[in-house]
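In what follows, a single structure is set out as structure tokens and then discussed.
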Amino acid sequence: MAFSKVLIANRGEIAVRVIRTAKAMGYRTVAVFSDADAKSLHVQLADEAVHIGPARVSDSYLRIEAIIEACRKSGADAVHPGYGFLSENEAFARACADNGITFIGPTPKAIELMGSKRLSKIAMIEAGVPCVPGYEGADQSDASFVEHARRIGFPVMVKASAGGGGRGMRLVAHETELVAALATARSEAQNAFGSGELILEKAVIAPRHVEIQVFGDTHGNCVYLGERDCSIQRRHQKVVEEAPCPVMTPELRRKMGEAAVAAAKSVAYVGAGTVEFLLDAQGHFYFLEMNTRLQVEHPVTELVTGQDLVEWQLRVANGEHLPLAQDEIELTGAAIEVRLYAEDPGHQFLPQTGPVLRWHPAKLPGVRIDHGMVGGGEVSPHYDPMVAKVIAYGRTRTDAARLLARALEDTVLLGVNSNKQFLINLLRTPQFIAGDTSTAFIDQYFSADPSLQPATADAESLAIATALILHRRHGTGFHTGLAGATPVKLMLGEKLFSLAAHLKGDALTVLQGDTHSQLTVLKADEHALHYEWAGVRRRCACAWHGDTLHLDRANGNLMLTDITHAPAVTADAEGDGLLRAPMDGAIVTLLVKEGDSVQKGQTLAVMEAMKIEHQLKANRDGRVASVSVSEKQQVKKRQQLLLVQD
Ligand code: MV4
């Protein structure tokens with residue numbers, strides 16, 4: 001039980017988060033790292049670090065033996081699993097126990113039971129926890145599902161028993177679609193989780209996702225620390241998480257909290273856990289599943305309770321009593337968290353990978369930013385592209401939302417595109433501020449947001465870019481002035497901007513066709529431009545990568561490439577027949593071979609990056625002249641894959 005050295009079997013922001021509290025409590029800490037993480041922040045912060053293998057998670061962070069071996073080598077006598085990876089793996093919890101290592105989390109039995117939707121639901125019904133009416137029987141025949149679906153009433157949800165996060169889930173509106181839905185859900189579940197077991201549930205329409213934070217100790221005590229509302233999601237990825245839930249009442253909180261504690265007590269739960277509920281518009285709530293780990297969104301609970309949940313975890317794992325009794329837990333104010341991702345909202349949220357040129361998290365009172373980023377770091381294709389969690393605390397929800405949007409504005413991430421502007425706009429949507437949030441929020445209120453369109457360059461952005469380009473070309477001679485007009489050619493995605501610039505002292509004139517704009521340069525360096533535009537002084541953060549200028553603009557990040565002096569391209573990028581990888585990833589399927597004739601728009605290959613499949617299409621008609629990749633091969637962004645010629 002009593003331990004002294006904690007190994008953190010994770011990476012990124014959560015490893016950093018756990019290391020900080022463990023150190024503050026006087027424990028020694030050990031990081032583990034893959035080839036891709038040798039220079040990461042979690043490795044720098046830990047007292048010791050052990051290399052556990054290649055970049056791929058299956059070769060490193062998911063290898064139970066490698067983690068146990070790292071404990072043995074370093075003398076770590078406790079393991080914190082973080083979230084994801086091995087955090088809900090009962091075999092790992094068991095392996096720790098078998099090797100005399102304290103697993104900072106629940107028992108293997110509780111992990112195993114809660115890992116099955118079917119068995120956990122049976123246990124929850126037994127414990128008197130409200131569940132969605134459904135079918136969770138052992139008989140998995142189609143006939144039995146059809147019979148029970150009739151009893152439950154359509155629409156129904158078909159869910160994979162071993163699933164999570166919406167994978168293997170199907171909404172079935174009519175009986176005629178049920179058997180087909182069962183077949184696809186079954187095979188999807190078998191492929192994804194190694195088990196085709198399914199359950200049925202009555203479908204709750206546009207529910208809220210409300211989860212209760214629970215904590216148990218080894219002395220049989222269990223408490224709840226309020227709720228989190230995580231209703232705003234995109235494709236089962238949480239986007240915004242907040243505490244308290246905007247529609248919560250003290251009475252509903254007590255009822256949901258007591259149900260969650262009953263759920264936890266029924267499995268003698270030890271440590272941090274989250275009981276997920278659906279909350280319908282009438283205020284009815286239903287158990288969905290229990291997560292047997294510390295969750296990504298735990299900071300909002302920490303801010304409204306004033307408690308450090310990692311500290312609680314370490315105390316409980318050490319055999320201590322829970323730090324507070326139920327009636328000592330108070331909720332004050334409101335906290336909202338958003339997940340800042342390296343992804344491109346303008347292109348279906350395609351994950352972005354590559355070097356991070358500038359990372360400057362905001363520093364503001366009431367704002368907490370949890371991240372694992374270091375200067376000169378990168379977003380690796382091997383891991384989740386979450387860059388940081390940005391969390392704001394305020395007296396009211398409105399205060400927290402306003403502050404959080406501002407904190408995002410003050411946060412600079414250049415080099416990779418991000419969902420920053422999408423998050424800022426979302427936090428300022430009137431329906432969000434009104435608390436009108438449900439799982440349907442993004443589709444209902446947000447599908448037309450400008451942040452979901454490819455970035456465009458307005459006159460101000462073009463003038464900023466021109467000023468920075470001239471500064472780079474002429475260095476310190478910038479203010480000496482130039483005679484005549486200087487041509488500036490910029491590419492933004494596929495779009496070309498042909499400009500002419502006049503600079504006299506600090507006064508810049510940019511001509512685009514027959515329109516012109518004016519900007520006054522106040523200060524220019526490689527990090528930012530300070531300027532005056534239409535009578536207002538502003539600054540814009542920037543970073544150079546080769547000839548590409550990254551700008552942090554109020555309508556999103558812009559990546560403008562200076563091609564003024566680039567050799568002329570004979571054909572434009574479209575239609576050259578060259579198929580390049582749009583990002584780092586792996587080729588899943590090659591659909592053509594050398595000599596095949598193909599048509600423009602035809603899918604030539606499928607690649608996977610960040611768990612998402614992308615169809616790569618021919619940009620012209622012709623024959624496949626060469627294939628330079630094979631299936632299962634890892635490829636780098638812009639790597640040449642195929643050539644189509646006449
Ligand atoms: C549901 C549901 C409606 N009725 N179950 C999605 C992920 C998984 N944790 C549970 N999910 C849902 N289960 C029944 N019986 C609707 C969802 C759901 C959802 C839940 C929470 C947050 C966002 C969601 C988006 C779509 C569907």
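Report note on the peptides 414-425, 348-359: ranked by the mean count of other C-beta atoms within 10 Å, highest first, their order is 414-425, 348-359. Excluding same-chain neighbours fewer than eight residues apart, the aspartates and glutamates reachable from LYS265 by a Cα-Cα span under 20 Å are GLU88, GLU90, GLU112, GLU126, GLU211, ASP217, GLU227, GLU276, GLU289, GLU320, ASP327, GLU328. Pairs from the list LYS238/LYS363; LYS39/LYS489; LYS23/LYS363; LYS159/LYS593 with a Cα-Cα gap above 32 Å: LYS39/LYS489; LYS159/LYS593.
Simple spin-label estimate for LYS632 and ALA55 gives 1.9 nm between the two label positions (7 Å along the Cα-to-Cβ direction from each Cα).
Rank-order 580-588, 638-646 by packing density, defined as the average count of other C-beta atoms within 10 Å over each peptide's residues, highest first.
580-588, 638-646
Is any helix in the chain, taking whole DSSP H runs, at least 27 angstrom long along its axis by alpha carbon and on average at least -1.0 on the Kyte-Doolittle scale, and which ones?
none
Spin-label model, ASP525/ALA459: points 7 Å from Cα along the beta carbon direction are separated by 3.1 nm.
Taking a straight line from the alpha carbon of LYS636, these lysines sit under 20 Å away, with near neighbours fewer than eight places off in the same chain left out: LYS611, LYS617.
By the count of other C-beta atoms within 10 Å, a proxy for reagent exposure, LYS265, LYS504 are ordered fewest to most as LYS504, LYS265. For the peptides 47-56, 32-41, 512-521, the ranking by mean Cβ contacts within 10 Å, running from highest to lowest, is 32-41, 47-56, 512-521.
Among SER60, SER116, SER187, the ranking by other beta carbons within 10 Å of each residue's beta carbon, starting with the fewest, stands as SER187, SER116, SER60. Among HIS219, HIS371, HIS148, sorting on how many other beta-carbon atoms sit within 10 Å of each Cβ, with the fewest leading, yields HIS219, HIS148, HIS371. Treating cross-link reach as a plain straight distance, find the lysines whose alpha-carbon is under 17 Å from the alpha-carbon of LYS523, omitting any fewer than eight places away in the same chain. Once the sequence-local lysines are set aside, what remains near LYS523 is LYS504. In the chain, one over the average inverse separation of all distinct C-alpha pairs is 27.1 Å, which is the Kirkwood hydrodynamic radius.
Values in this text are rule-based calculations from the coordinates and carry no lab data. Fair warning: this is a prediction, and the values are worked out from it, not measured in the lab. No Cβ is skipped: glycine too gets one built from the backbone with ideal geometry, and neighbour counts run over all protein chains shown.
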